[in-house]
Amino acid sequence: MSLSVRQLEKVYQSRRGRVQALTPTSFEVGQNEFVSLVGPSGCGKSTLLRTLAGLEESSGGQILLDDAPVSCPGADRGMVFQNYTLFPWLTVLQNTRFSFDLEENTDYSRTDGEVMSRVGRVYSLLDLMGLSKFYDAFPRELSGGMKQRVAIARALANKPKLLLMDEPFGALDAQTREEMQELLLLLCRHEKTTVLFVTHDVEEAVFLSTRILVFSARPGRIVEDIRVPFGPDRTLDIKLEPEFNRLKRHLLELLHKEQPSGFDRNALLQKLVQNSNS
């Protein structure tokens, strides 16, 4: 699998005029890489991911997946969002095999053997996710972490070449988030999945990634492409290592520089002191 993003650009038209979300951006992603996108809010990370998924049109540039142009959604890309996006009226099993059932109702050329093989994959993924006892459960009966496991299983059901994840653990508590991070690493090793992952959590990016692309404030551009010097056999203990914290600190410094100007911290502190003395 190879992903090539060439001079990709995104411009919106708003009531206030032209808004450039993403400047012409280029990068490559190779087989089995886990690439995280980090940057200030509004820098175009999610826009880039949605464009790669075919959910938004670009304003310029080109996306090539295995040398084939990408312009619309396809089974070669799986997408996982922050808010789970499960169908509340379907069970865990039905949600996970939804795309299969949709195809089976429109594609009558599939043999019984092909259908059974695909259904078997759904059961295998749910078992890997620790959901073997919840096939018949509805989303309302699941915790947030379990819902996201179902969403990931559904995204992987078609064996996509590329898994796109937009802050998938952002709504989870700290303990569940770490559990999901470990699960995702193990799953990627098992499935040999290539991942493009948007997060605001620097520690999460360092723990999960083989590479981290750091974006500037809007209009977004890549300011640094960082190779993460850890192998695939990572555990949570790695977060205590000096090299891990050095890289985390470097990322935080980069993001602080790229943060768009907001409040004047010193002026605000002086104002607070004045108010407390009055």
Lone qualifier among ALA267, ALA205 - being at pLDDT 95 or above and either part of a helix (DSSP H, G or I) or open to solvent by 10 Å² or more (accessible area, probe 1.4 Å) (or both): ALA205
Residue ID - modelled with the highest pLDDT, chosen from residues in the range 102-137 that are open to solvent by less than 60 Å² (accessible area, probe 1.4 Å) and closer than 17 Å to TYR84 by Cβ: ALA137
Residues that are touching a residue at least 12 places away in the same chain (Cβ under 8 Å) and within 12 Å of MET129 (Cβ to Cβ), drawn from the range 160-191: GLU179, MET180, LEU183, LEU184, LEU187, HIS190, GLU191
Pair list, Cβ < 7 Å and 6+ apart or interchain, from the range 214-233 residues that are in contact (Cβ under 8 Å) with a residue 40 or more places away in the chain to residues that are of a type in the set (Asp, Glu): VAL214/GLU224; SER216/GLU258; ALA217/GLU258
Considering residues of the range 48-71 that are free of Cβ contacts under 8 Å to residues at least 40 places away in the same chain and within 16 Å of the chain's Cα centre (by Cα) only, the residue most open to solvent (accessible area, probe 1.4 Å): LEU55
Residue, nearest to MET146 (Cα to Cα), within the range 184-194, restricted to residues that are assigned to a helix (DSSP H, G or I) and open to solvent by 40 Å² or more (accessible area, probe 1.4 Å): LEU186
Subset tally (residues that are farther than 20 Å from ARG50 by Cβ and open to solvent by less than 10 Å² (accessible area, probe 1.4 Å)) for the range 148-183: 5
Cβ-Cβ under 6 Å pairs, at least 6 apart or on other chains, the range 1-14 side surrounded by 14 or more Cβ atoms within 10 Å (Cβ to Cβ) and among the small types (Gly, Ala, Ser), far side at pLDDT 90 or above and assigned to a strand (DSSP E or B): SER4/GLU28; SER4/LEU64
Residue match in the range 139-155 (condition: outside any helix (DSSP H, G or I) and out of contact with any helix residue (DSSP H, G or I) (no Cβ under 8 Å at 6 or more places or on another chain)): no
Some residue of the range 27-40 being part of a loop (DSSP other than H, G, I, E, B), under 30 Å from PHE138 (Cα atoms) and not hydrophobic (A, V, I, L, M, F, W, C): no
Total residues in the range 226-260, condition of a type in the set (A, V, I, L, M, F, W, C), open to solvent by less than 50 Å² (accessible area, probe 1.4 Å) and assigned to a helix (DSSP H, G or I): 7
Residue satisfying all of: in the range 161-183; in a loop (DSSP other than H, G, I, E, B) and either charged (D, E, K, R) or outside the structural domain of VAL35 (by TED's automatic domain parsing) (or both); farthest from LEU125 (Cα to Cα) among these: ASP173
Total residues in the range 1-24, condition under 18 Å from the mean Cα position of the chain (by Cα) and closer than 20 Å to SER216 by Cβ: 2
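The values are calculated or read from the model by the stated rules, or taken from the named source; none is laboratory data. Fair warning: this is a prediction, and the values are worked out from it, not measured in the lab. Reconstructed Cβ throughout: ideal geometry from the backbone, glycine too, with neighbour counts over all protein chains shown. Keep in mind that these areas ignore ligands, DNA and RNA; they rest on the heavy atoms of the full protein, side chains included. Shrake-Rupley method; radii C 1.70, N 1.55, O 1.52, S 1.80 Å.
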